[in-house]
Amino acid sequence: MSAKRPSEIAPKTADALLSWYDAHARALPWRAAPGSNAPDPYRVWLSEIMLQQTTVAAVTPRFAAFVARWPSVEALAAAPEADLMAAWAGLGYYARARNLHACARSVVERGGFPNTEEGLRELPGVGAYTAAAIAAIAFGERAVVVDANVARVVARLFALEQPLPAAMPALRAATDTITPDLRAGDFAQAMMDLGSSICTPRAPHCLACPLSAGCAAYRAGNPEGFPVKRAKPIKPQRYGTIFWAEDAGKVLLVTRPPRGLLGGMRALPTGPWADAPPGLADPPFPAEWQMLPGTVAHVFTHFRLELALAVARADGHVAVGAWWPVTELDSVGLPSVFAKAAAAIRRAT
DNA sequence: AAAACGTGGAA
DNA sequence: TTTCCAAGTTT
């Protein structure tokens with residue numbers, strides 16, 4: 001006879017989790033209301049992109065602003081990319097915003113979202129996790145959804161010793177064995193809720209966990225020991241200079257190159273980012289630049305940055321960028337590092 | 001496989 | 001203060 005389907009091998013885990021979810025699910029803006037039909041694929045997709053490496057707390061107000069301004073994928077596709085980039089400012093990982101726009105246009109061109117994991121996987125910015133999540137949540141497909149929460153929960157359930165990220169194939173296989181045929185979307189969201197509230201990275205609440213009876217790490221008395229992770233490299237320190245050019249109440253802004261760090265975002269002009277303070281190297285235009293006392297520190301994913309601040313008065317607008325009223329700087333949509341530097345400069349001048 | 005790619009909150 | 005980490009994707 002043929003092998004049993006995974007969901008028949010371990011149905012109790014899914015049943016216990018879904019019962020817990022029915023009682024404890026968070027009411028999140030991108031989730032369908034209880035008892036309603038399947039959620040809008042546009043809202044599911046938008047929320048999943050925003051939630052990549054980003055907390056629910058940070059996403060919630062941004063999601064509300066996006067769907068209020070762009071209620072449909074057609075509206076988003078029709079928006080100027082600069083508007084979208086500015087609206088994304090502060091959320092980080094700006095390739096997501098560039099891909100969001102490209103994805104919206106692709107979806108509109110093809111007449112709607114693909115309704116399978118395989119089709120979704122082809123969209124820009126949609127990787128293995130996001131394709132599975134949308135397929136399961138928006139289209140009811142039995143997709144195997146593995147994000148950081150699921151990886152942690154499953155690594156503990158099976159006491160998986162292999163370190164991340166090399167363990168991902170094994171984690172997908174293990175998750176496959178506990179994913180139900182029905183309610184796969186609820187199952188995925190239940191695993192994520194469990195991971196965020198019960199099966200937390202540190203000090204998990206095993207006594208409140210609906211899966212503890214079948215959890216190998218709990219049985220071994222070491223839930224915090226899983227998942228095993230590769231050691232992280234230390235962040236190098238780099239230095240740079242921000243150039244603040246002001247003329248008649250307006251400040252000079254530039255648009256950064258389309259790819260790379262903060263790619264495509266409006267920004268204050270900067271010099272090179274180097275292993276030692278570069279001083280006044282590579283100003284946006286020649287002038288009598290003055291260094292302000294003090295620096296602004298910022299931490300990116302893979303390095304720390306200490307920024308010196310240089311200011312100059314421009315006599316007549318120099319044609320090297322766009323001049324924005326200083327009083328309207330909040331509406332520009334600057335990445336956090338530049339918003340932080342601008343605030344420091346305005347305090348100091 | 002490993003590095004690039006943001007940010008802010010919690011411990 | 002430092003470290004860890006969050007619904008990852010792309011190259």
- Message: Can you give the local net charge around A:ALA297? Use residues other than it whose beta-carbon is closer than 10 angstrom to its beta-carbon, Lys and Arg +1, Asp and Glu -1.
- Response: +1
- Distance histogram for chain A (every C-alpha pair counted, 20 angstrom bins, percent rounded to whole numbers): 26, 47, 24, 3, 0
- Message: Given the -39500 (n - 2.57) contribution per DSSP H run of 4+ residues, what per-residue ellipticity at 222 nm results for chain A, rounded to the nearest 500 deg cm²/dmol?
- Response: -12000 deg cm²/dmol
- Computed magnitude of the charge dipole of chain A (debye, nearest 20; Cβ of K, R +1, Cβ of D, E -1): 680
- More than 18 Å apart - percent of Cα-Cα pairs taken over segment A:175-320: 71
- Of every hundred units of 1.4 Å-probe accessible area on chain A, the number belonging to carbon and sulfur atoms, as a percent, is 55
- Using a 1.4 angstrom probe on the protein heavy atoms only, line up A:TYR218, A:TYR21, A:TYR93 by accessible area, largest first. A:TYR93, A:TYR218, A:TYR21
- Message: Between helix A:128-139 and chain A, what is the angle of the helix's C-alpha long axis to the longest principal axis, kept within 0 to 90° and rounded to the nearest 10?
- Response: 60
- Query: Can you give the accessible area of A:CYS199, probe radius 1.4 Å, in Å² rounded to 10?
  - Reply: 20
- Lys pairs in chain A, Cα-Cα under 29 Å, at least 8 apart or on separate chains: how many? 5
- Query: How much of A:LYS340 can a 1.4 Å solvent probe reach, expressed as accessible area in Å² and rounded to 10?
  - Reply: 80
- Query: How far, in degrees from 0 to 90, does helix A:148-157 lean away from the longest principal axis of the Cα atoms of chain A, to the nearest 10?
  - Reply: 30
- Message: I'd like to compare A:180-191, A:150-161: which one has the highest average count of other Cβ atoms within 10 Å, and what's the full order after that?
- Response: A:150-161, A:180-191
- Taking a probe of 1.4 angstrom, what is the accessible area of A:TRP45 in Å², to the nearest 10? 0
- Using +1 on the beta carbon of Lys and Arg, -1 on that of Asp and Glu, and nothing else charged, what's the dipole of segment A:237-348 about the Cα centre, debye to 20? 340
- Item | Neighbour net charge for A:CYS103 - beta-carbon separation under 15 angstrom, K R +1, D E -1 | +1
- To the nearest 10 degrees, how steeply does helix A:184-197 sit against the main Cα axis of chain A, on a 0 to 90 scale? 70
- Taking only the alpha-carbon positions of segment A:237-348 and ignoring solvent, what does the Debye formula give for the base-10 log of I(q)/I(0) at q = 0.16, 0.17, 0.24 Å⁻¹? -0.69, -0.78, -1.67
- Item | Length-normalised contact order of segment A:237-348 in % [C-alpha pairs under 8 Å, at least 6 apart] | 35
- A:GLU224, A:GLU81, ranked by accessible area, largest first (probe 1.4 Å): A:GLU224, A:GLU81
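The values are calculated or read from the model by the stated rules, or taken from the named source; none is laboratory data. Since the model is a prediction, treat every value here as computed from it, not as a measurement. FYI the Cβ positions are ideal-geometry reconstructions off the backbone, even for glycines, and counts take in every protein chain you see. Remember, those area values only see protein heavy atoms, side chains included, never the ligands or the DNA or RNA. Shrake-Rupley method; radii C 1.70, N 1.55, O 1.52, S 1.80 Å.
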